[in-house]
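One structure is given below, encoded as structure tokens.
The values are calculated or read from the model by the stated rules, or taken from the named source; none is laboratory data. Since the model is a prediction, treat every value here as computed from it, not as a measurement. Note that we place each Cβ from the backbone using ideal geometry, even for glycine, and neighbour counts take in every protein chain shown.
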Amino acid sequence: MNKSDDLSNRTLTLKRTFKAPLKLVWEAWTQAEHIASWWGPKGMKTRVIEHDFRAGGQWKYAMTMPNGDEFISEGQYLEIVEMEKIVTTADFKPMTEGVELHIQFEAAGDNTLFTFDCVHETEAYCKQQEQMGFYNGWASVFDNLSEFVENRAN
């Protein structure tokens, strides 16, 4: 394996601590009615088209931009460890395709430690996605999630 094949060179990571219990954060990620409330960057509305939350199950969400244009995010769940981890393929057409999301949850008292890894096929593609605004885009999504779970925790 050469250095460019190293997983760490193909992965972008975000970490957060949500001020909400693990069960609530897990439910926000795994229940369609909750996903529609927070998924997507600020200013976008999300419609859940398909959500089969099981290993091998498909998910598909339509996000509507403020100008009315819609784009699709979709994937297949590869691994689910209850209250700990979700691994899924993901395509965010037309911007990002062929990535894997590794989402980890850990209880920390009344808070939840959250790690989000986005694994790309190549190091070059990973760098391109970072330059396209990966961190700002996903930070906005996780701001929505934070607001969603923290409002329900209080």
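Below, the figures for the structure above:
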item: Yes/no for Gln128 being free of Cβ contacts under 8 Å to residues at least 24 places away in the same chain and assigned to a helix (DSSP H, G or I); result: yes
item: Any hit, the stretch 93-110, residues being surrounded by 15 or more Cβ atoms within 10 Å (Cβ to Cβ), over 16 Å from Arg16 (Cα atoms) and in contact with a Gly (Cβ under 9 Å, 6 or more places away or on another chain); result: yes
item: Unique match (being touching a residue at least 12 places away in the same chain (Cβ under 8 Å), farther than 21 Å from Met63 by Cβ and under 14 Å from the mean Cα position of the chain (by Cα)) among Thr122, Thr88, Thr96, Thr115; result: Thr115
item: Residue check, Leu78 closer than 18 Å to Trp138 by Cα, touching a strand residue (DSSP E or B) at 6+ places or on another chain (Cβ under 6 Å), among the aliphatic types (A, V, I, L, M) and at pLDDT 95 or above; result: no
item: Residue in the stretch 15-34 that is within 16 Å of the chain's Cα centre (by Cα) and closer than 20 Å to Cys126 by Cβ present; result: yes
item: Matching residues, the stretch 37-58, being on the phi < 0 side of the Ramachandran plot and in a loop (DSSP other than H, G, I, E, B); result: Trp39, Pro41, Lys42, Met44, Asp52, Phe53, Arg54, Ala55, Gly57
